[in-house]
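A short worksheet on the structure shown next.
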Amino acid sequence: MNSANNSQPEKQPKKTKSVKALLPIFSFIKPYKLVVGAAMVALLLTAGINLSLGQGVKYIVDHGFIAGSSEQLGNAILVLIGLIALLAIGTFSRFYLVSWLGERVSADIRKAVFNRIVQLHPSYFEENRSGELMSRLTTDTTLLQSIIGSSLSMALRSSLMLIGGLIMLMITNFKLTLLVVAFVPLVLAPMMISGRKIRRLSANSQDAIADISTYAGEIIQNIKVVQSYTHEQREQTAFKGEVEKAFTVAKKRIAQRALLIASIIFLTFSAISVMLYVGGVDVLEGKITGGELSAFVFYAIMVAMSVATVAEVYGELQRAAGSAERLLELLATKSDINSPQAPRPLNQGNEHDTVQEPEIVFHNVEFNYPSRPDMPALKDINLSIPKGKIIALVGPSGAGKTTMFELLLRFYDPQKGQISFNDNNITQLDLTDLRKTMGMVPQHPVLFSSDVWHNIRYGNPDASDEAVIEAAKRAHAHEFIEKLPEGYASFLGEQGVRLSGGQKQRIALARAILKDPQVLLLDEATSALDAESESHVQAALNELMKDRTTLIIAHRLSTVIHADLIVVMDKGQIVDMGDHQSLLASDALYQRLCELQFDKANEPDISLQAS
């Protein structure tokens, strides 16, 4: 496991975009125009009050301190306190509204990304790591929330303060303003030079965080394997390497941003210092009053702080541009498996149909997995499956049996040929309608980190408690569920870790029973169970298979013997088909599979060694 992670090919550097990559994200803000409008009003109010404070300072200095009037000083202070109170109210409103907007938009983006992920075709997940997708869903959306809910507000406020401050500087003293403006190109130059580098380092930093998430998730998911091979120390060392790699990238990004901010602060306050000298000389010469110089200093500091804030936020926006680009890329991804625009109605047949009528037909089907385009998984498959019959698929590992299930469920589409269901090409049917007719019980059942109710009811979310309990009884699961600490409300742990293999399988069977599918797909549902668990599961399967079309992969030989049709597969092809006795007499591969079982045990219900 460790070596696999360390041997991953080195990523090619991504092309990064400017902050324009954030523009499409603002489409998520459009539904909340009233909130945006209210936030802008609060923003303008606070900016206006901030700019008014400079005139208040001028009035206090000229009419309070200089004039020596305590009454005028008191009045000026009261006005100043009033302005500060309004500023506090406006700041509260702005902060609440903008923060609310950031959280709301972040939640909407997260939902949109998740909705896209769950609709993508399975082959997408063969080519993209789950940890990276989780990073996009959590880290990237959290970063955008910070931008929309905080940084963007700071940028707008600082921009207004910058523009308003420059106007007030010109009104207060045009000569000194020209001196300040002369330094502006020196301040903007570092922003332009460092921006691209910060953007690239930010994208690399996000990728490094995704790598950490992927690595940790894999180790935690397979913790028993790690501990059984006593690789704890090796994995700790390997994970430390991943973390340090991310930290190294983060240090470069932080250093670049810190250098940018320090440069801007130095340049802006140097400009203020020069301005103070020139202005101080003018005050000494009587060209301007002390109040004018105080107001000018106030506005100059405001402009300097606004420039520094804009520079800092610009770095954040550069970082967020990488996140926005990744999220938009995911949102723009189209699934290769979709329902047709005008799906055909699913023909369920009628009560006069005979059980011999073909329900599922594979016609000249050929298929290669997208991740293995040069290795045929199925070749020239022709098979008719009559309604209500039990069909067994047997063969060695890699024969293509599970692939047939995946094509039936339209996880993939064949490159050649077609699959028909009730005389309809399944590509012309609505995906939801098609998959609702089928219920799959895999060899390794998937349980969710929830209670028994949720896991069984996943087969039919609208089912009543009574229906769930009845399904559990038919799956021979009710008895052990009742013995759990909280019965059906018992939490099963991640992937059902608190249950045995046989118990997990019976929960999965109860789920399939509750779904009540027209077609049942059993993928080695008992091959990994002990004799006692198998007897319970087999009894549940016999109950489940009644009056259903059933396809079985490598089931116990006892079930294979009683199947209506046994299909022997090898290397992606159907090599023979018939009943148990005819295949024993005519098919060498089937004979060998049976002999392998009897070599392992003399009991007739040992499972076929097939995947």
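Computed from the coordinates by the stated procedures, all read-outs in this text should not be read as laboratory data. All values reported here derive from a predicted model rather than from experimental measurement. Positions of Cβ are backbone-derived with ideal geometry, glycine not excepted, and every protein chain shown enters the neighbour counts.
Reducing region 138-192 and region 320-349 to their Cα centroids gives an inter-centroid distance of 41 Å.
Once backbone amide H atoms are built at 1.01 Å from N, I390 has T550, D564, L565 as its partners under 5 Å, excluding neighbours fewer than 5 places away on the same chain.
Quick one: compute a quarter of the convex hull surface over the Cα atoms of region 446-516 and quote it in nm².
Numbers: hull surface 15.3 nm².
Value for region 446-516: 3.8 nm².
Between E494 and D564, take the C-beta separation as r, use R0 = 51 Å, and let me know the FRET efficiency to the nearest 0.05. The computed FRET efficiency comes out at 0.85.
Treating only the Cβ of Lys, Arg, Asp and Glu as charged (+1, +1, -1, -1), what charge dipole size does region 235-280 show about its Cα centre? Round to the nearest 20 debye.
Computed about the Cα centre, the dipole is about 80 debye.
How big is the shadow of the Cα convex hull of region 195-300, averaged over all directions, in nm²? Don't jump to the answer; show the numbers that get you there.
Details: hull surface 39.9 nm².
Answer in nm², one decimal: 10.0.
With r as the distance between the Cβ atoms of K436 and R116 and R0 = 22 Å, compute the FRET efficiency 1/(1 + (r/R0)^6) and round to 0.05.
Details: r = 22 Å, r/R0 = 1.00.
Rounded to the nearest 0.05, the efficiency is 0.50.
Dipole of region 446-516, Cα-centred, from +1 at each Lys and Arg C-beta and -1 at each Asp and Glu C-beta, to the nearest 20 debye?
Numbers: 9 positive and 10 negative charges, 64 e Å.
Using only the charged Cβ atoms, the result is roughly 300 debye.
In order along region 114-119, phi translates into HN-Hα couplings of 5, 4, 5, 4, 6, 9 Hz, rounded to whole numbers, per the Karplus curve 6.51 cos²θ - 1.76 cosθ + 1.60 with θ = phi - 60° and x for Gly and Pro.
A cut-off of 5 Å between modelled amide H atoms, ignoring neighbours fewer than 5 places along the same chain, links K416 with E366.
May I ask you to order 583-589, 208-214 by the average number of other C-beta atoms within 10 Å around their residues, highest value first?
Ranked by mean Cβ neighbours within 10 Å, highest first: 208-214, 583-589.
Ranked by the mean number of other Cβ atoms within 10 Å per residue, highest first, peptides 235-241, 159-165 order as 159-165, 235-241.
Working out 0.36 nm times the residue gap between E329 and I77, then minus their Cα-Cα distance, what length gain in nm do you get to one decimal?
Working: separation 252, 0.36 × 252 = 90.72 nm, distance 5.50 nm.
Length gained, E329 through I77: 85.2 nm.
Taking the charge dipole of region 413-496 about its Cα centre, with +1 at Lys and Arg Cβ atoms and -1 at Asp and Glu Cβ atoms, the residue from G487, Q443, P414 reaching farthest to the positive side is P414.
With a simple spin-label model that places each label point 7 Å from the Cα along the Cα-to-Cβ direction, the separation between M40 and Q428 comes to 5.2 nm.
Distance from the alpha carbon centroid of region 375-448 to that of region 497-523 works out to 18 angstrom.
Could you put L331, L408 in order, starting from the residue whose Cβ has the fewest other Cβ atoms within 10 Å?
On the way: L331 16, L408 21.
Ranking L331, L408 by Cβ neighbours within 10 Å, fewest first, gives L331, L408.
Put simply, when 431-437, 82-88 are sorted by average Cβ atoms within 10 angstrom per residue, most first, you get 431-437, 82-88.
For Y369 and W100, what does the FRET efficiency come to when R0 = 30 Å and r is the distance between their Cβ atoms, rounded to the nearest 0.05?
On the way: r = 46 Å, r/R0 = 1.54.
That gives a FRET efficiency of 0.05.
Compare the Cα positions of S146, W100, L86 along the charge dipole of region 86-170 (+1 at Cβ of Lys, Arg; -1 at Cβ of Asp, Glu; about the Cα centre) and return the one farthest towards the positive end. Result: L86. Around the amide H of D576, modelled in the peptide plane, lie the amide H atoms of V568, all under 5 Å away and 5 or more residues distant in sequence or on another chain. The modelled label-to-label distance between I301 and L186, using points 7 Å beyond Cα along the C-beta direction, is 2.1 nm.
Expressed in nm to one decimal, what extension gain is obtained for the pair T237 and N222 from 0.36 nm per residue of sequence separation less their Cα-Cα distance?
Details: separation 15, 0.36 × 15 = 5.40 nm, distance 1.68 nm.
Separation in residues times 0.36 nm, less the Cα-Cα distance, equals 3.7 nm.
Shown here are the Rg and Dmax of the Cα trace of region 323-446, at 16.7, 58 Å. Basic side chains Lys and Arg get +1 at the Cβ, acidic Asp and Glu get -1 at the Cβ, and with that the dipole of region 85-156 about its Cα centre reaches some 220 debye.
The label-point distance for K473 and A250, in a model that sets each label 7 Å from Cα toward Cβ, rounds to 5.6 nm.
Taking 0.36 nm per residue of sequence separation and removing the Cα-Cα distance, the S123/I171 pair yields an extension gain of 10.8 nm.
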